[in-house]
Amino acid sequence: PAVDLQDVSNVSLQAARVGIAPQTTCDAATDPAAARVLNARGCQAVLRATYTDESATYVITVGVAVLGSANQASAAAATLNQASKAGTVPAPPGLESAAFAGTPAGSFRNEERQVTAAKAAGPYVIMYAAGYADGRPQVNIREDVYAKGEMTAAAEAVQNSVASTLATPPPTPHCPGTPGC
């Protein structure tokens, strides 16, 4: 953010999707602690995609967990974020990384996750796990405010983009030609 650099204008950066992992179970897409939280609230499946920021410095895996209701999703996201704020090393409970060979995300494994978070959007929990693209092992980035801010901002931007798409209701059907008209 511009405020971190004491600048007056924000620089707009883009993220690029490097791959989409096959749909899987909540147990397979999240670590055991996160899976317990999600499964207790009716998690049905997770779809993950991995992105890099424009400079290919950060890798971000975003996962969409499908739950039964918006209330279940909100409760799960709140519980996951409570654990994330504890700042445990290794990474707090969350999404498993999804690496894609031959891309900047090729070496992104769970051991490289630096930050994780979750948010609810309707009956979905949109989670992210972010780390460095260079395979750097996890460190306590809470001590590096700039790195934590940049990585979190990049991850939240991708997460928010996915969430806004999922939270948008479908358009109202228009007659004629629509079933039920």
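The values are calculated or read from the model by the stated rules, or taken from the named source; none is laboratory data. Only a predicted model underlies this, so the values are computations on that prediction, with no experimental measurement involved. For neighbour counting, all protein chains shown are included, and Cβ atoms are generated from backbone atoms with ideal geometry for every residue, glycine included. Keep in mind that these areas ignore ligands, DNA and RNA; they rest on the heavy atoms of the full protein, side chains included. Shrake-Rupley method; radii C 1.70, N 1.55, O 1.52, S 1.80 Å.
Electrostatic bookkeeping for residue 109 treats Lys and Arg as +1 and Asp and Glu as -1; over the other residues with beta carbon under 13 Å from its beta carbon, the sum is -3. For 112, 54, the ranking by accessible surface with the largest value first comes to 54, 112, using a 1.4 Å probe. For the set 109, 17, 48, solvent exposure ranked by accessible area (probe 1.4 Å, protein chains only) runs largest to smallest as 17, 109, 48. Extending 7 Å from Cα along the Cβ direction at residue 54 and again at residue 33 yields two label points whose distance is 3.5 nm. Accessible area ranking (1.4 Å probe, heavy atoms, ligands and nucleic acids excluded), largest first, for 134, 31: 134, 31. Residue farthest toward the positive end of the dipole of segment 31-162, with Cβ of Lys/Arg at +1 and Asp/Glu at -1: which of 52, 66, 116? It is 66, whose Cα lies furthest towards the positive end. The Cβ shell under 12 Å around residue 15 holds other residues with a net charge of -2, Lys and Arg each +1, Asp and Glu each -1.
In plain terms, the chain from residue 175 to residue 145 could stretch by 5.4 nm, reckoned as 0.36 nm per residue minus the Cα-Cα distance.
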